[in-house]
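A.B. asks: Dropping a structure here in structure tokens format, bear with me for questions.
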């Protein structure tokens, strides 16, 4: 494993309202396979499984975050629908994915882009929070205000589809 894989993106959790908006935009359906690359504390895979009935896989490099995610998953009794991989996203097989969730940086998206292009089947939806995938044309871009009364902070959600 390359040392720079550790630092591909910092842990900044997506607010629940943003995660919900992203899953809705991706049109995640029951029974689909959902991957979160950089799953952090597992909030996204939990929502995908619990609210959408998806089979979710979270990939998280940091052991402390992977353990926190697993703890939450067991507390909620979702271990039959969610898998947490404590490892490097570049070594995980994505061929079964229907939806990919990214909250990385633009440069991290650039690094993972060849893997997505090589492994994802036609029709897979990729949702990215705040950072585009340079060179890909999004199917949809949504600007989302987490707090409507204050009007900020604002989030940009990109939806891509593998042609």
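The values are calculated or read from the model by the stated rules, or taken from the named source; none is laboratory data. Everything numeric here is computed off the predicted structure, so don't read it as measured data. Neighbour counts run over all protein chains shown; Cβ positions are idealised from the backbone, glycine included.
A.B. asks: Mind listing whichever residues of the stretch 29-39 are surrounded by fewer than 23 Cβ atoms within 10 Å (Cβ to Cβ) and touching a helix residue (DSSP H, G or I) at 6+ places or on another chain (Cβ under 9 Å)? So that I can check it myself, show each step before the final result.
C.D. replies: Going through the stretch 29-39, the residues surrounded by fewer than 23 Cβ atoms within 10 Å (Cβ to Cβ) turn out to be 29-33.
Once the filter is applied, which keeps residues that are surrounded by fewer than 23 Cβ atoms within 10 Å (Cβ to Cβ) and touching a helix residue (DSSP H, G or I) at 6+ places or on another chain (Cβ under 9 Å), the stretch 29-39 yields 29, 30, 32.
A.B. asks: Quick one: which helices (runs of 4 or more DSSP H) sit completely within the stretch 16-112 and have at least 2 residues that are within 12 Å of the chain's Cα centre (by Cα)?
C.D. replies: By residue number, 16-25, 43-52.
A.B. asks: Can you name every residue in the stretch 118-133 that is in contact with a helix residue (DSSP H, G or I) (Cβ under 7 Å, 6 or more places away or on another chain) and crowded, with 21+ Cβ neighbours inside 10 Å?
C.D. replies: 126, 127, 128, 129
A.B. asks: Residue check, residue 115 against (1) surrounded by 21 or more Cβ atoms within 10 Å (Cβ to Cβ); (2) not in a strand (DSSP E or B), all met but one. Which one?
C.D. replies: (1)
A.B. asks: Before we move on, is residue 95 surrounded by 14 or more Cβ atoms within 10 Å (Cβ to Cβ), modelled with pLDDT of 95 or more and out of contact with any strand residue (DSSP E or B) (no Cβ under 8 Å at 6 or more places or on another chain)?
C.D. replies: No, not satisfied.
A.B. asks: Exactly one condition in (1) modelled with pLDDT under 95; (2) touching a strand residue (DSSP E or B) at 6+ places or on another chain (Cβ under 9 Å); (3) part of a loop (DSSP other than H, G, I, E, B) is not met by residue 13; state its number.
C.D. replies: Evaluating residue 13 over (1) modelled with pLDDT under 95; (2) touching a strand residue (DSSP E or B) at 6+ places or on another chain (Cβ under 9 Å); (3) part of a loop (DSSP other than H, G, I, E, B) leaves (2) as the failure.
A.B. asks: Hey, another quick one. If residue 141 satisfies every condition in (1) more than 17 Å from residue 38 (Cβ to Cβ); (2) part of a loop (DSSP other than H, G, I, E, B) but one, which is the exception?
C.D. replies: (2)
A.B. asks: Looking for something farther than 22 Å from residue 16 by Cα, at pLDDT 90 or above and in contact with a helix residue (DSSP H, G or I) (Cβ under 7 Å, 6 or more places away or on another chain) - is there at least one such residue anywhere in the stretch 140-163?
C.D. replies: Looking for residues that are farther than 22 Å from residue 16 by Cα, at pLDDT 90 or above and in contact with a helix residue (DSSP H, G or I) (Cβ under 7 Å, 6 or more places away or on another chain), one finds none in the stretch 140-163, hence no.
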